[in-house]
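Asker: Can you keep this structure in mind? I'll have questions shortly.
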Amino acid sequence: MRRVRYYEYGGPEVLTVEDVEPPVPRAGRVLVRAEAIGVNFVDTRFRRGPGRGGIFQRPLPGRPTGDVVGTVTAVGPGADPKLIGRRVATLAEDAYAEYVVAEASWLADVPAGLDPGDASMLAMTGPVALRILRAAQMSTGDTVLVHAAAGGVGHLAVQLAKLLGAGTVIGTARSSRKLDFVRAVGADVAVDYARPDWPEEVRAAAPRGVDVVLDAVGGSVLRSSLGLLAPFGRAVVYGAATGDLEQIPVAELFALRSVTGFNLTAWRREAPDQARRETDELAGLFASGRLRTTVHVRLPLAEAATAHEIMDARSHLGRVLLLPHR
């Protein structure tokens, strides 16, 4: 089979396509014949290397993660043989491959007929988008600020906020094309957060402040966002694309504001039953057409470097997919 790894840190060109034997699932794991692989931005950061004081540290050889959709073809010891033949979605390491090993306990069943783009969101991206809204205790009528709203998590979070009853959704992005996309997926207001005056644009749209901030950018964007929170406003931080984890200014929190961190792995460990229910809930939303994924591009596995170039340039709208058997 073919897979993609990298053996040195650097640009997309370090991604190497190689021929290897298919992996054998260990205890509690399954082998999945991959139909589609959702590319995640964080892996472009790991590929570049840790750098000086960087938070994105992963040893070589690099095994990119991904949101894999496919069919279970084999199970390891202790895994249910009835899983064989099931179409599933899963977050996996060494995901850029024709066959992928995944944990049997965190397979998401894919509803019949669901498009690979939508199905890929059941592995990680969709559960994150839903849970960060609930971690923020979003209520009906709330004003919600979604950063990086044109990305995979962001464009789902905009839609989900509306489905959950948000009054006003403000989405940020970095170009006029992305701002148009953010509005198209349901945002009431779209703001270019590359502009130095972007906080003033948010204040104009929400003079009393925002109730919820969803942020995976970090750095100065997070710091400015805290100042935009209304009394009793809640920020949920679920990443730091800039690599900059500034210290949160405690003085900003004295104005009855709060900040919560979120990590999907920790959530699944601490609340597994609820995490599974929410994945099923998302599957129902996708199956009914109430939630939709925009797929920016579908590329053959051999063009993984092109996928990373797109992610590095942040030119994508929604999801970037690799198709291993194309």
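Asker: Taking the Cα-to-Cβ direction at Leu164 and at Thr260 and moving 7 Å from each Cα, how far apart do the two end points lie in nm?
Answerer: For the pair Leu164/Thr260, the computed spacing is 0.8 nm.
Asker: Using unit Cβ charges (K, R positive; D, E negative) and no other charged atoms, how large, in debye to the nearest 20, is the dipole of region 94-159 about its Cα centre? Walk me through the intermediate numbers first.
Answerer: Numbers: 2 positive and 7 negative charges, 71 e Å.
Magnitude of the dipole: close to 340 debye.
Asker: Taking 0.36 nm per residue of separation and subtracting the Cα-Cα distance, what length does fully extending Ala313 through Ser224 add?
Answerer: Values: separation 89, 0.36 × 89 = 32.04 nm, distance 2.38 nm.
29.7 nm is the gain from fully extending Ala313 to Ser224.
Asker: Charges on Cβ only, +1 for Lys and Arg, -1 for Asp and Glu, centred on the Cα centroid of the chain; of Pro81, Pro300, Ala123, which one is farthest towards the dipole's positive end?
Answerer: Highest projection toward the positive end goes to Pro81.
Asker: Now a separate question. Using Cα-only point scatterers and the Debye equation, what is log10 of I(q)/I(0) for region 186-326 at each q in 0.12, 0.19 Å⁻¹, rounded to two decimals?
Answerer: Each listed q corresponds, in turn, to -0.72, -1.31.
Asker: Return the distance in nm (one decimal) between the two label points of a simple spin-label model at Arg2 and Ala204, each offset 7 Å from Cα along Cα→Cβ.
Answerer: Between Arg2 and Ala204, the simple spin-label model gives 4.9 nm.
Asker: Here is a follow-up. Let me spell out the model: positive unit charges on the Cβ of Lys and Arg, negative unit charges on the Cβ of Asp and Glu, origin at the Cα centre of the chain. What dipole size does that give, in debye rounded to 20?
Answerer: In debye, rounded to 20, the chain gives about 200.
Asker: Taking Cα pairs under 8 Å and at least six residues apart, what relative contact order does the chain come out at, in percent?
Answerer: Values: 740 pairs, mean separation 58.7, N = 326.
In percent, rounded to a whole number, it is 18.
Asker: Kindly put Ile132, Ile55 in sequence by how many other C-beta atoms sit within 10 Å of each C-beta, fewest to most. Provide the component values of the computation, followed by the final result.
Answerer: Numbers: Ile132 26, Ile55 14.
Lowest to highest Cβ neighbour count: Ile55, Ile132.
Asker: Give the Debye-formula value of log10 I(q)/I(0) at each listed q (0.18 Å⁻¹), with one equal scatterer per alpha carbon of region 164-258, two decimals each.
Answerer: Log10 of I(q)/I(0), two decimals: -0.84.
Asker: Here's something else I'd like to know. Assign unit charges at the C-beta atoms only (+1 for Lys and Arg, -1 for Asp and Glu), then state the dipole size of region 126-265 relative to its Cα centre in Debye, rounded to the nearest 20.
Answerer: Values: 13 positive and 12 negative charges, 58 e Å.
It works out to roughly 280 debye.
Asker: Working out 0.36 nm times the residue gap between Asp188 and Ser176, then minus their Cα-Cα distance, what length gain in nm do you get to one decimal?
Answerer: Using 0.36 nm per residue and subtracting the Cα-Cα distance, I get 2.8 nm.
Asker: Can you tell me the length gained on complete extension of the stretch Arg326 to Glu13, counting 0.36 nm per residue apart and subtracting the Cα distance?
Answerer: 110.6 nm
Asker: Still on this structure: Label 7 Å along Cα→Cβ of Ser105; region 15-59 residues with amide nitrogen under 15 Å?
Answerer: Only 26-30 pass the distance filter.
Asker: With everything on Cα atoms, drop me the angle between helix 304-313 and the longest principal axis of the chain, reported from 0 to 90° to the nearest 10.
Answerer: 10
Asker: Give me the compactness ratio for region 109-230, meaning the Cα radius of gyration over 2.2 N^0.38 Å.
Answerer: 1.04
Asker: Would you list Ser288, Ser105 from fewest to most Cβ contacts within 10 Å?
Answerer: Exposure proxy ranking, most exposed first: Ser288, Ser105.
Asker: Would you calculate, for the chain, the mean residue ellipticity at 222 nm contributed by helices, counting each DSSP H stretch of 4 or more residues as -39,500 (n - 2.57) and dividing by all residues, to the nearest 500? Don't skip to the answer; put the middle values down first.
Answerer: Details: 11 runs with 97 residues, N = 326.
Mean residue ellipticity at 222 nm (helix-derived): -8500 deg cm²/dmol.
Asker: To continue, here is another question. Report the antiparallel proportion of the DSSP beta bridges in the chain as a percent, rounded to a multiple of 5.
Answerer: 55
Asker: Any chance you could get the radius of gyration and Dmax over the Cα atoms of region 238-310, in Å?
Answerer: In order Rg, Dmax, the Cα atoms of region 238-310 give 18.5, 52 Å.
Asker: Hey, what angle do you get for helix 152-163 against the long axis of the chain, alpha-carbon based, 0 to 90 degrees rounded to 10?
Answerer: 60
Asker: Could you list Phe262, Phe286 so that the one with the fewest beta carbons within 10 Å of its beta carbon is first and the one with the most is last?
Answerer: Ordered by Cβ neighbours within 10 Å, fewest first: Phe262, Phe286.
Asker: If you project the alpha carbons of the chain onto the principal axes, what extent comes out on each, in Å, largest first?
Answerer: 58, 40, 34
Each reported figure results from applying straightforward, stated rules to the coordinates on display, with no laboratory input. On a predicted model such as this, the values are computed, not experimentally measured, just so you know. Virtual Cβ from ideal backbone geometry, glycine too; neighbours counted across all protein chains shown.
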